[in-house]
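Structure record follows, encoded as structure tokens.
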Amino acid sequence: MSNIDFNNARAIDWAWKVNANEVNSNDVQIKSALMDLTKPVYVAKSATGLGVVSTTAATGDTDVLAFAQKLMPQDLGDDAYKKQHGVKYAYHGGAMANGIASVELVVALGKAGFLCSFGAAGLVPDAVEDAIKRIQAALPNGPYAVNLIHAPAEEALERGAVERFLKLGVKTVEASAYLGLTEHIVWYRLAGLSENSDGSVNIGNKVIAKVSRTEVGRRFMEPAPQKLIDKLLSQGKITPEQAELSKRVPMADDITAEADSGGHTDNRPFLTLLPTIIALRDEVQAQYNFSPALRVGAGGGIGTPESALAAFNMGAAYIVLGSVNQACVEAGASEHTRKLLADVEMADVTMAPAADMFEMGVKLQVVKRGSMFAMRAKKLYELYINYDSIEAIPADERLKIEKQIFRSNLDDVWAGTEAFFTERDPEMLARAQSSPKRKMALIFRWYLGLSSRWSNTGEKGREMDYQIWAGPSLGAFNSWVKGTYLEDYTRRYAVDVALHMLKGAAYLQRVNQLKLQGITLTTSLASYHSED
């Protein structure tokens, strides 16, 4: 016999009855019933036509024609994700570098039952440590995460970040922009392994890895590579027991399929990326049979309840939002930037050279409305490709970028760059001093690095140079909230926005259930807005 008998299930549905005089038929009553996510909704006929009621009756006088189950925001997503991270909702506030995903953002979302990652990337270790201590004081039992970004050009920063995380007892990191595994992320993961009394592996240090490529995703889905394990063992950073236990766990607990996001991105549409990463997870899970199994979430391109629901319906364990949160009150962005972000449309973004991976030609997604950063950054990269040193740049070109971009003599910029890297990464400075090409890269990175900080601090006179990371999802969000109170950027609070996203997704799921049973709804009933 089949596990599911469709005919019997349908017969039971049709046996439900309601009282016709209790059926609500006007749009306001129907909307109210659909919005009450704590109760199921039954569609039946009344004297005035089709309507809804939230309870059935054993002796009712009219048949139930369709129904939608109760569905709360906390019901969406994977229960194992919520349990492991100690959260109420399968919603992750993604990391935004330079503290844009601020202490205030992490704490606000954390107190409401959401996981959020502090944007540690680009900050010096002391600033990161201070932020972590403030978060831990406000959320002594979590939940919170801290961003760990791959820094191939500044390995000392990645190493220093892991040292601080282990010192301060950070239990969850969001790993981003990784092109492959490094000894530092492996060190963090393995240093938290121990054996439970029942012989299972206790994973003390959780990793959420953002990936947009299958080859990188596979590295995080599999156990740590032996080569890096051996290196850490020889350095005394992990124990032999941890080395053995590492063979039984993947490098990450959760994999975020990062689609067309702000910042570092491959501009993948999540409609194609998410199922591809889920299929890869299934392949790896079948090979290793990890317990608990790896989870896959979706980030990038999610800016409306419709896109949130699409991600969940495609199998996402959780969703990640970044660009939308950057326009919220708690974000570590200047008021000028948040106001600008509230007006961004989907086409108002473009790709520009990334400061942290400038020499590699890596790009990130930024806002082009109200800023000339992208155009100026591209000009600097063209000069870097075409010339071998600052001295080789034609005099007229050099004068132009000094006046229009740097607003300073490049010799003075280099002097400031030397002072900066003497404190931040002396090894990098030493390499640049012996290579004119690297020296030129560091000078150009001076502009790329400061431009994002100018945006965060609201540097006066530099507004046209602001580097503002955002994806097209922000434009979709702005379009969705147009005409509602959330159109006003001063009223955008992260928890409120998150709840609207999840409530909207749950509401739309109930609408879809009714549609699949042949119920046609008016446009106002079939949509969800923040004013609802």
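The values are calculated or read from the model by the stated rules, or taken from the named source; none is laboratory data. Computed from a prediction, not measured in an experiment: that's the story for all the values here. As a convention, Cβ positions derive from the backbone with ideal geometry for all residues, glycine included, and neighbour counts pool all protein chains shown. Surface accessibility is based on the protein's heavy atoms, side chains included, excluding ligands, DNA and RNA. Shrake-Rupley method; radii C 1.70, N 1.55, O 1.52, S 1.80 Å.
See the values below:
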| read-out | value |
| --- | --- |
| Strands (runs of 3 or more DSSP E) wholly inside the stretch 193-237 that include at least 2 residues being open to solvent by 30 Å² or more (accessible area, probe 1.4 Å) and without any contact (Cβ under 8 Å) to a residue 60 or more places away in the chain | 193-195, 201-203 |
| Hits in the stretch 301-318 (condition: at pLDDT 95 or above and either among the small types (G, A, S) or under 15 Å from G262 (Cβ atoms) (or both)) | I302, G303, S307, A308, A310, A311, G315, A316, A317 |
| Residues of the stretch 419-455 satisfying the condition of being open to solvent by 30 Å² or more (accessible area, probe 1.4 Å), within 24 Å of F373 (Cβ to Cβ) and either at pLDDT 85 or above or touching a Leu at 6+ places or on another chain (Cβ under 6 Å) (or both) | K437, R438, K439, W446, L450, R453 |
| Residue check for R219: out of contact with any helix residue (DSSP H, G or I) (no Cβ under 7 Å at 6 or more places or on another chain), of a type in the set (D, E, K, R) and more than 14 Å from V320 (Cβ to Cβ) | yes |
| The stretch 365-376: number of residues that are out of contact with any helix residue (DSSP H, G or I) (no Cβ under 6 Å at 6 or more places or on another chain) and outside any loop (DSSP other than H, G, I, E, B) | 4 |
| Those residues of the stretch 487-518 which are surrounded by fewer than 18 Cβ atoms within 10 Å (Cβ to Cβ) and over 25 Å from the mean Cα position of the chain (by Cα), in sequence order | N512, Q513, K515, L516, Q517, G518 |
| Tabulated pairs, the stretch 402-417, first free of Cβ contacts under 8 Å to residues at least 60 places away in the same chain, second surrounded by fewer than 16 Cβ atoms within 10 Å (Cβ to Cβ) and of a type outside the set (A, V, I, L, M, F, W, C), C-beta under 7 angstrom, 6+ apart or interchain | E402/S408; E402/N409 |
| Residue in the stretch 145-168 that is buried (at least 24 other Cβ atoms within 10 Å of the Cβ) and assigned to a loop (DSSP other than H, G, I, E, B) present | no |
| Among (1) of a type outside the set (V, I, T); (2) within 19 Å of G449 (Cβ to Cβ); (3) open to solvent by 10 Å² or more (accessible area, probe 1.4 Å); (4) not in a helix (DSSP H, G or I), the one test that G142 misses | (2) |
| Condition broken by H184, with the remaining ones in (1) surrounded by 16 or more Cβ atoms within 10 Å (Cβ to Cβ); (2) more than 22 Å from the chain's Cα centre (by Cα); (3) closer than 26 Å to D425 by Cα satisfied | (2) |
| Residue in the stretch 70-77 that is out of contact with any Phe, Trp or Tyr (no Cβ under 8 Å at 6 or more places or on another chain), of a type in the set (G, A, S) and either modelled with pLDDT under 95 or within 30 Å of A177 (Cβ to Cβ) (or both) present | no |
